[in-house]
1. When the residues of region 35-50 are filtered to those that are within 17 Å of Glu8 (Cβ to Cβ) and not aliphatic (A, V, I, L, M), which remaining residue is surrounded by the most Cβ atoms within 10 Å (Cβ to Cβ)?
2. Of all residues in region 4-31, which are in contact with a strand residue (DSSP E or B) (Cβ under 9 Å, 6 or more places away or on another chain), aliphatic (A, V, I, L, M) and assigned to a loop (DSSP other than H, G, I, E, B)?
3. Looking at region 58-96, which of its residues are more than 15 Å from the chain's Cα centre (by Cα) and under 18 Å from Asp47 (Cβ atoms)?
4. Within region 69-92, which residues are surrounded by 11 or more Cβ atoms within 10 Å (Cβ to Cβ) and at pLDDT 90 or above?
Amino acid sequence: MIETKFVEVISSEQPLVVPSPSESGGGQKMHRCPTCQFGVWSNYGDDGDIVRWVRVGTLDDPSKAPPNVHIFTSTKQPWVKLDDNLPIKEESYRREEVWSKASLERREEYVKDLPS
């Protein structure tokens with residue numbers, strides 16, 4: 001999760017926006033690289049365009065954003081081993097159970113900018 005105001009697209013080409021379904025039923029707007037079609041970030045219904053859920057592998061330095069939870073593990077392959085002591089959720093999660101206090105406080109700030 002990165003507030004949109006802190007995301008910089010360095011390509012001269014803008015991403016393709018593809019409306020897609022989501023587990024919540026609220027849908028998402030997947031933003032894809034126009035060349036390779038790889039998903040770079042999503043905007044989910046609840047957060048509008050205020051926040052981008054950026055795919056960590058697209059960052060300049062993905063090591064600065066390690067995971068804090070494993071989600072949708074109900075569809076993982078049996079050979080995938082999750083033994084790093086992070087929370088494991090078969091589907092999604094409740095942010096209050098997983099997010100740090102700082103992340104929850106950041107969310108409280110950007111929620112003020114969401115349309116009612």
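1. Trp41
2. The answer is Val7, Val9.
3. Across region 58-96, the qualifying residue is only Glu96.
4. Of the residues in region 69-92, the ones surrounded by 11 or more Cβ atoms within 10 Å (Cβ to Cβ) are 69-73, 76, 82, 86-90, 92.
Residues satisfying the conditions are Val69, His70, Ile71, Phe72, Thr73, Lys76, Leu82, Leu86, Pro87, Ile88, Lys89, Glu90.
Okay, residues lined up against (1) among the acidic types (Asp, Glu); (2) more than 27 Å from Arg94 (Cβ to Cβ); (3) in contact (Cβ under 8 Å) with a residue 40 or more places away in the chain:
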site	(1), (2), (3)
Ser12	no, yes, no
Ser24	no, no, yes
Gly45	no, no, no
Val51	no, no, yes
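The values are calculated or read from the model by the stated rules, or taken from the named source; none is laboratory data. Keep in mind the model is a prediction, meaning the values are calculated, not measured. Note that we place each Cβ from the backbone using ideal geometry, even for glycine, and neighbour counts take in every protein chain shown.
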